[in-house]
Amino acid sequence: MATLDVMGGALFCSLTYPSECPGLRIIGNICAGTVQQCFTGPAHDCDSKNTNFHSNVAHSVSGGFSGNGFTVYPDPSKVGHKECFEVSNNAAYKCADAGIFSNFPGKKV
């Protein structure tokens with residue numbers, strides 16, 4: 001079982017990963033000033049329109065253990081994410097580490 005950070009700004013279904021969390025929509029949010037990451041949430045299907053996790057902004061993430069704007073994981077409710085998962089149309093700036101980060105296996109990311 002994977003363990004994801006519990007100190008993020010906005011954690012979406014990551015604390016119960018790999019339990020399924022279908023129907024989640026994270027759209028048009030701003031997160032700033034966190035110590036770890038701003039957003040942790042599921043990716044979307046490759047080569048398809050992003051309808052579940054977009055138009056969000058992460059900024060001023062100071063670091064600590066990690067300073068990522070977004071931490072993205074494959075959605076366990078989608079079988080195809082074992083092969084490929086994607087994140088798009090989010091923005092990150094002034095992050096101590098990566099703007100968008102994922103540390104999950106996939107043949108194509």
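Structural remarks
- The combined condition, being farther than 24 Å from Pro18 by Cβ, modelled with pLDDT of 90 or more, within 13 Å of the chain's Cα centre (by Cα) and part of a loop (DSSP other than H, G, I, E, B), is fulfilled by Asn89.
- Residues that are in contact with a strand residue (DSSP E or B) (Cβ under 6 Å, 6 or more places away or on another chain), buried (at least 16 other Cβ atoms within 10 Å of the Cβ), in contact (Cβ under 8 Å) with a residue 12 or more places away in the chain and among the aliphatic types (A, V, I, L, M) occur in region 15-31; there is at least one.
- Single unsatisfied condition, Val79 versus (1) surrounded by fewer than 17 Cβ atoms within 10 Å (Cβ to Cβ); (2) more than 25 Å from Ser19 (Cα to Cα); (3) of a type in the set (Val, Ile, Thr): (2)
- Evaluation of Ser60 against the conditions (1) of a type in the set (S, T, N, Q); (2) within 15 Å of the chain's Cα centre (by Cα); (3) part of a strand (DSSP E or B) shows that the sole unmet condition is (2).
- Leu11 more than 13 Å from Gly99 (Cα to Cα) and surrounded by 14 or more Cβ atoms within 10 Å (Cβ to Cβ): yes
Listed here are the residues, each with its yes/no results for (1) part of a loop (DSSP other than H, G, I, E, B); (2) touching a His at 6+ places or on another chain (Cβ under 7 Å).
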| residue | (1), (2) |
| --- | --- |
| Thr16 | yes, no |
| Cys21 | yes, no |
| Ser48 | yes, no |
| Gly67 | yes, no |
| Val72 | no, no |
| Asp75 | yes, yes |
| Ala98 | yes, no |
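- As a summary of the residue check, Asn50 satisfies the conditions (1) touching a strand residue (DSSP E or B) at 6+ places or on another chain (Cβ under 6 Å); (2) at pLDDT 90 or above except for the one numbered (2).
- Flag if Gly80 is farther than 15 Å from Cys38 by Cα, of a type in the set (Gly, Ala, Ser) and in contact with a Lys or Arg (Cβ under 9 Å, 6 or more places away or on another chain): no
The values are calculated or read from the model by the stated rules, or taken from the named source; none is laboratory data. In this text the structure is predicted, and so the values were computed from the model without any measurement. Methodologically, a virtual Cβ is constructed for each residue, glycine included, from the backbone with ideal geometry; neighbour enumeration extends over all protein chains shown.
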